[in-house]
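Scroll down for the structure; my scribbles are underneath it.
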Amino acid sequence: QVQLVESGGGLVQAGGSLRLSCAASGSIFMINVMGWYRQAPGKQRELVATITSGGSTNYVDSVKGRFTISRDNAKNTLYLQMNSLKPADTAVYYCNAIKGQRVYWGQGTQVTVSS
């Protein structure tokens, strides 16, 4: 089992920045991919960014150049640095981990960007 706990969400004005954190615990050895997803009200959950155990990253087009995903393996923590935030980024952000055939999710953290 893997437990994921997100933090760092909040209310920010457009153009501002936030850094989300996701602390992983439990059986974290051999986690292949970690990522951030988000779900806005009335919309489906969508991929924001992923990072592999080797450090390769992938971003949805709408956040490229503004968001940066990173992981600190020593601290078992995943980050999402979000800059130049827009009202369209308002959503609940979820941390995700893939280990073998299993997918794990955190409980989510709310990000609200005011115009």
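The values are calculated or read from the model by the stated rules, or taken from the named source; none is laboratory data. What you see is a predicted model, and the numbers here were worked out from it, not measured in a lab. Protein only, heavy atoms only, side chains kept; ligands, DNA and RNA dropped before computing areas. Shrake-Rupley method; radii C 1.70, N 1.55, O 1.52, S 1.80 Å.
Table for the structure above
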read-out: Relative contact order of the chain, pairs being alpha-carbon contacts under 8 Å that are 6 or more residues apart, as %; value: 37 percent
read-out: Protein accessible area in the chain, 1.4 Å probe - carbon and sulfur %; value: 50 percent
read-out: Phi to ³J(HN,Hα) by Karplus 6.51 cos²θ - 1.76 cosθ + 1.60 over segment 104-115, Hz, x for Gly, Pro; value: 10, 10, x, 8, x, 9, 7, 10, 10, 10, 8, 8
read-out: Per residue value of the accessible surface for the chain (all protein chains in place, 1.4 Å probe), Å²; value: 53 Å²
read-out: Residue-by-residue Karplus 3J(HN,Hα) for segment 54-71, coefficients 6.51, -1.76, 1.60, Hz, glycine and proline x; value: x, x, 6, 10, 8, 9, 5, 4, 5, 10, 4, x, 10, 10, 9, 9, 8, 9
read-out: Per-residue SASA entry for I98, accessible area with 1.4 Å probe, Å² rounded to 10; value: 60 Å²
read-out: Per-residue SASA entry for M34, accessible area with 1.4 Å probe, Å² rounded to 10; value: 10 Å²
read-out: Calculated from backbone phi, Karplus (6.51, -1.76, 1.60) coupling profile of segment 25-34 in Hz, x at Gly/Pro; value: 9, x, 8, 8, 4, 6, 5, 7, 9, 10
read-out: Area accessible to solvent at Y94, 1.4 Å probe radius, in Å²; value: 40 Å²
